[in-house]
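Worksheet for the structure shown next.
The values are calculated or read from the model by the stated rules, or taken from the named source; none is laboratory data. Remember, it's a predicted structure, so these values are computed and weren't measured experimentally. Because the Cβ atoms are built from the backbone with ideal geometry, glycine has one as well, and the counts that use them run over all protein chains shown. Heavy atoms of the whole protein, side chains included, go into the accessibility calculation; ligands, DNA and RNA do not. Shrake-Rupley method; radii C 1.70, N 1.55, O 1.52, S 1.80 Å.
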Amino acid sequence: MNNPEHNLTKLRDISLNREEKAYSRNILLEHIAHETPHTTGFFVFLSSLRFYAIPAALMVLLAMGLGIMGIAENAVPGDTTYSIKIDVTEPLRDAVTLSEEKQLSWDVEKAERRQAEIDSLALDDGI
Amino acid sequence: MQSHSDDILLKAYEDYADAIFRYCFVRIRHRELARDLMQDTFIKTWDYLRNGNQVNNVRAFLYKVANNLIIDYSRKKKEASLDALMDQGFDASGTEEEVMATTIDAQYVIKMLTRLDEKYRDVIYYRYVDDLPIQEIAEIIGESDNVVSVRLHRGIQQLKKLFPNEQS
């Protein structure tokens, strides 16, 4: 009896042996490991830093600002940072000086600063 | 840490590695190359899943990928066509153990299959060797269920004509 359908089932015996199957599985696992982005160790650490990037940047800017303001305190007319002293630092101090007594004291200090600046310029000019 | 696509792919490997290897081996009749093509089939499938693509039927997808890889391999074979490979018989570069591991019966059945028209050969293989349902065969070859049924019937008729003296 001609029965090719039955004969075709004999091909089902063709298969990988245990070593071949394990070897190919390892090839596949290596490919997966190689192509998967790193999720451990140093790369996790670097990745976690992104949460702190903005606060860190703000702190750096604040520190830079405070540093510049500190330098500006000793500026005299003509210095690059003098405008920061007159337009930023001193108005800021005006804003935070709440009591009348402290405001009066600050006004006196400002007048003394102006005098000190004039004296400093006079010294420089040899007057 | 394994992702969802890793799990799908590794399970598919355990379930279908033999079937895909067998499919490649019957088509190209070179054991080592068939193993390579089977590996590439799973690697390409993982790459496809990893890129965010969805696969509804993994088995059907694997057969489609394997078929494309076999076609690419055949095109690259400039010196020997598939027909020439059929005439030469089994790959002589395999070890004696590997060649002998393929039984005489299996060799003869493969010879039977390779004599079939190409459009009947694949559907006959999927149905009678790998026992795939007609709907899945239709998905693999990109045809309707009716076309698959007709090709199965005609393919069996052609086998009976080619091998009239074949015994069960």
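Go over the candidates B:Ile141, B:Ile104, B:Ile71, B:Ile124 one by one and state the one that is within 11 Å of another protein chain (Cβ to nearest Cβ) and at pLDDT 85 or above.
Working: B:Ile141 fails: within 11 Å of another protein chain (Cβ to nearest Cβ); B:Ile104 fails: at pLDDT 85 or above; B:Ile71 fails: within 11 Å of another protein chain (Cβ to nearest Cβ).
Exactly one residue qualifies, and that residue is B:Ile124.
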Q: Could you please find all residues in the stretch A:7-50 being surrounded by 10 or more Cβ atoms within 10 Å (Cβ to Cβ), among the charged types (D, E, K, R) and either at pLDDT 95 or above or under 18 Å from B:Glu14 (Cβ atoms) (or both)?
A: A:Arg12, A:Glu20, A:Lys21, A:Arg25, A:Glu30
Q) So is B:Leu69 open to solvent by less than 50 Å² (accessible area, probe 1.4 Å) and touching a residue at least 12 places away in the same chain (Cβ under 8 Å) or not? A) yes
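Would you say B:Met86 is at pLDDT 90 or above, hydrophobic (A, V, I, L, M, F, W, C) and open to solvent by less than 60 Å² (accessible area, probe 1.4 Å)? Full working, then the answer.
Numbers: at pLDDT 90 or above: no; hydrophobic (A, V, I, L, M, F, W, C): yes; open to solvent by less than 60 Å² (accessible area, probe 1.4 Å): yes.
No; evaluated as a whole, the condition is false for this residue.
Pick from B:Tyr63, B:Tyr23: which is within 13 Å of chain A (Cβ to nearest Cβ), assigned to a helix (DSSP H, G or I), surrounded by 18 or more Cβ atoms within 10 Å (Cβ to Cβ) and in contact (Cβ under 8 Å) with a residue 60 or more places away in the chain?
On the way: B:Tyr63 fails: within 13 Å of chain A (Cβ to nearest Cβ).
Only one candidate passes the filter, namely B:Tyr23.
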Q: Output the qualifying pairs, or none if there are none: Cβ atoms under 8 angstrom, residues six or more apart or on different chains, first residue in the stretch A:106-117 and closer than 16 Å to A:Asp94 by Cα, second residue surrounded by 12 or more Cβ atoms within 10 Å (Cβ to Cβ).
A: A:Trp106/A:Arg93; A:Trp106/A:Asp94; A:Trp106/A:Thr97; A:Lys110/A:Glu90
Q: Select from the stretch B:27-43 the residues that are facing chain A (nearest Cβ under 10 Å) and open to solvent by 10 Å² or more (accessible area, probe 1.4 Å) and list them in ascending order.
A: B:Arg31, B:Glu32, B:Arg35, B:Asp36, B:Gln39, B:Asp40, B:Ile43
Q | Filtered residues of the stretch B:101-127 (kept if open to solvent by 20 Å² or more (accessible area, probe 1.4 Å), within 22 Å of A:Asn17 (Cα to Cα) and not in a loop (DSSP other than H, G, I, E, B)) | A | B:Ala101, B:Ile104, B:Asp105, B:Gln107, B:Tyr108
**Q.** Pair list, Cβ under 6 Å, 6 or more apart: the stretch A:51-73 residue surrounded by 11 or more Cβ atoms within 10 Å (Cβ to Cβ), other residue in a helix (DSSP H, G or I)
**A.** A:Met69/A:Thr89; A:Ala72/A:Ile84; A:Ala72/A:Lys85; A:Ala72/A:Thr89
